[in-house]
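Readers should treat all values here as calculations from the given coordinates under stated rules, not as data from a laboratory. Note that the structure is a prediction, hence the values are computed from the model and not measured. Cβ placement follows ideal geometry from the backbone for every residue including glycine, while neighbour counts extend to all protein chains displayed.
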Amino acid sequence: MSNALSRAVERYGAFRDQWYALPVLVAASLVVLAAIPFLRRLALFGVAPLGWLSLNMLIVTLIWATTAQAWNIMSGYTGQFSFGHAAFFGLGAYTTIILTGTVGISPWIGMLLGSVLAAIYGLLIGALTFRYDLEGHYFALATLAFAELLRYVFTNVPQLGGASGFFRPLAREYADGPGLAAFQFTGDLPYYYLILGFLTVVTVVSLAINRSQLGYYLFAIREREQAAAAIGVPTYRYKLLAVAVSAFFTAWPGAFWAMYFNTIRPTTVFELLVNVEILLPAIVGGIGTVLGPIVGAFVIIPVGEFVRQSFSVPGLNNAIYGVILIAIVLYSPKGVVSWPSRFVELLRVRTDLLDDDGT
Amino acid sequence: MLSLSLPDACCRDVGIVALPGPPDVPASAAEAFGGLPSLATAVDALGIQAVLGISLPSPTIFAQYFVFAVLLGGIYGLVALGLTMIFGVMDVINFAHGALMVVAMYTVLVFSDATGLSPFFAVPFAVLLLFVLGIIVYRSTIAPIIDAPQENQLIVTFGVLLILVSGIEMIFGSDPQQLGLNLGSLEIAGVFVPQGQLYALGIALVALAGTWLFLQRTMLGRAIRGTADNRDGAQYVGIDVPRIDALTFGIGAALAGLAGAVIPLFQSFTPALGDQYLINAFVVVVLGGLGSFPGAFVGGLIIGFIQVFGSAYLGGSTYQIVIFSAFILVLLVKPEGLLGGSTDE
């Protein structure tokens, strides 16, 4: 092995051990994300390697990165595996569009109220399921049931849009016209930076929790709840807090979804598959890590969206998601973000072996 | 006034097209019971108050709904059977169960198209195919992570769901398919019994009895029950637990195949139909007690009654709200299910 490579690996290994490694990596990824809309135009020798990425794909990717980041706080950090986050996503979307469309209120206030509503619903779910000690399968099924319940409530109550849902109101109906205040824009680029802003906020919150005492409490609950309780962690209260924070921020990308796409229906925001799309990036990237949801989203969503938009083969993108999902869980359950460290370890072991041979 | 309205032609359709209608399609009472125009329109036009005002429906209509509910409940019981078995023995929630059903539905379609034989001959073929598919799925995806956290298994089975359903969608498209089989209905004292569902219910009961006998009366069945009771203990007394797991998953998939194979006898189907059965099957399994066979049928009947009477009197898919509320209530108050207890003991 070349000396330069092994030195670079050593340096990276030393960097990973520093306390500032994670914040630096997070900041670097966010900067790269901010530059991507321009990078994709960049051509090398007349070929743009990122040219196939449309802004729309990038926006969808960031939506699911944000949901996964929020889901991660509850399920990755605290270990309470939610299979029903579509409930919070949908509440964010519906509250925003109903209040904007019927009352003419600003979508930003709608989003805030939607987040609060989602957090309250999360607290309700948490209070019931934690009080009755639902764990494992039962907890996952209960969260799914709460999401499905909302889906049928919205499908069957005409005032809530019924099965056909709502159209996004025109910006001039409730504001001066498109712009930040109206939460609507004429092009895709402002939408991209808005959802990147949401992702940044949720990521910073996640990083802050990760590094705080709160985070250590949550990790303790995940690793062994009874031991955590025994040393004085109020586990019930902290689990509720994790659910509320997670639900609150899952409603944001929901509200964004409502203001970005033309319509919302129970089948687009509450569907069984939405529950999976929300957590998919976190699983692929690395469950319980800060970078995992972002990296995971970029590993799978652009490919899936590209396939969906380019080939007229319905279902192909879902099949690809299925294959990646299985492959990750079987072969690399710590996710894509664990690959650099694994690579470094591998190289270190090989270097050591070579040294022992006296080469 | 309502009892006069059971025209002959109506109930033939009922059985074939609409009864366990996909909950997503906003099937109003009128659509769901397309054949009962006067009742349906009355319910639709006047809403719930009208129903309350009507007091009790005529005995014939009530009996008609009762028959529908029992038939549908039997189907749900059959759908839940394989799910509850895999859960009871392996502690795995199989999200791919509905997808396996869908594979069986399209197997029946292809088989009867290719051979020109009655779809009934396709049923054993589909069951066998699904048994093999189940073992392949188990060996390739579940076996390597059987000791991993429960969430991992849930995610992997969901991955299998995505692959199977997408595969079917790519080959056959997502338009509804139909066998073009009209089995007609029996008429007993003014009550129509759609024959397709009747056969399906019969097959469900035979499957229940067969599986029960296999579990109770054979050594292999005993080994499966032992594994369900105590996996470590089973290992210690020399049971090859991974082999039992493979067999259980294969049988569970075969039962999903059986459920999937009888559904085309009375209903049109799409690749998405599996999801709709799957979610209600979870409810059935939890209501009856995870791992309990009789519980699967009791839970199935409860869901069948809520769905049939709910879609008649509440309209739309409001009955699903009732179903999920009941589900959550049981999960919280009695998570071991109404019949509780461990598998088949």
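How long are the three semi-axes of the equivalent ellipsoid of the stretch A:210-255, in whole Å, if each is the root of 5 times an eigenvalue of the C-alpha gyration tensor, listed from largest down? Kindly include the intermediate steps, with their values, before the conclusion.
On the way: eigenvalues 114, 21, 12 Å².
After scaling each eigenvalue by five and taking roots: 24, 10, 8 Å.
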Which of A:VAL344, B:TRP212, B:PHE269, positive extreme of dipole for the protein assembly as shown (C-beta unit charges):
A:VAL344
Pop the C-beta distance of B:LEU332 and B:ALA63 into the FRET formula with R0 = 35 Å and round what comes out to the nearest 0.05.
0.50
For the stretch A:136-149, Karplus couplings with θ = phi - 60° (6.51, -1.76, 1.60), whole Hz, Gly/Pro x:
x, 4, 4, 5, 4, 5, 5, 5, 4, 5, 5, 5, 5, 4
Order of B:MET101, B:MET90, B:MET170, A:MET74 from fewest to most other C-beta atoms within 10 Å?
B:MET170, B:MET90, A:MET74, B:MET101
Dipole magnitude of the protein assembly as shown about its Cα centre, charges +1 at Lys/Arg Cβ and -1 at Asp/Glu Cβ only, in debye to the nearest 20?
920
Specify the angular offset, from 0 to 90 degrees and rounded to the nearest 10, of the alpha carbon long axis of helix A:107-131 from the longest principal axis of the alpha carbons in chain A.
70
When chain A is treated as a GNM, springs tying every alpha-carbon pair under 10 Å, which of A:ILE209, A:ILE109, A:ILE294 comes out with the largest mean-square fluctuation?
A:ILE109
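Between A:ILE105 and A:ALA48, 0.36 nm times their residue separation minus their Cα-Cα distance comes to what?
That works out to 16.2 nm of additional length.
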Note on chain A: alpha-carbon gyration tensor, axes a ≥ b ≥ c; rule is a/c under 1.5 for rounded, else prolate if a/b larger than b/c, else oblate; result oblate
Scalar couplings 3J(HN,Hα) for the stretch B:122-128 by Karplus 6.51 cos²θ - 1.76 cosθ + 1.60 (θ = phi - 60°), nearest whole Hz, x for Gly and Pro, are 6, 4, x, 4, 4, 4, 5
Assuming R0 = 30 Å, what is the FRET efficiency of A:VAL349 and A:VAL313, from their Cβ-Cβ distance, to the nearest 0.05?
0.10
From the phi of every residue in the stretch A:309-325, what ³J(HN,Hα) in whole Hz does the Karplus formula 6.51 cos²θ - 1.76 cosθ + 1.60 yield, where θ is phi - 60° and glycine or proline is x?
7, 8, 9, 8, 10, x, x, 4, 5, 5, 5, 5, 4, x, 5, 5, 4
Farthest towards the positive end of the dipole of the protein assembly as shown, among B:VAL298, B:LEU332, A:THR102 and with Cβ unit charges of +1 on Lys and Arg and -1 on Asp and Glu, lies the Cα of A:THR102
With B:LEU331 itself left out, Lys, Arg at +1 and Asp, Glu at -1 over residues whose Cβ is under 14 Å from its Cβ give -2
Based on the alpha-carbon gyration tensor of the protein assembly as shown, what equivalent-ellipsoid semi-axes (square roots of 5 times the eigenvalues) come out, in whole Å, largest first?
44, 33, 24
Rounded to the nearest 20 debye, what is the charge dipole size of the stretch A:22-271 about its Cα centre when +1 sits on each Lys and Arg Cβ and -1 on each Asp and Glu Cβ?
200
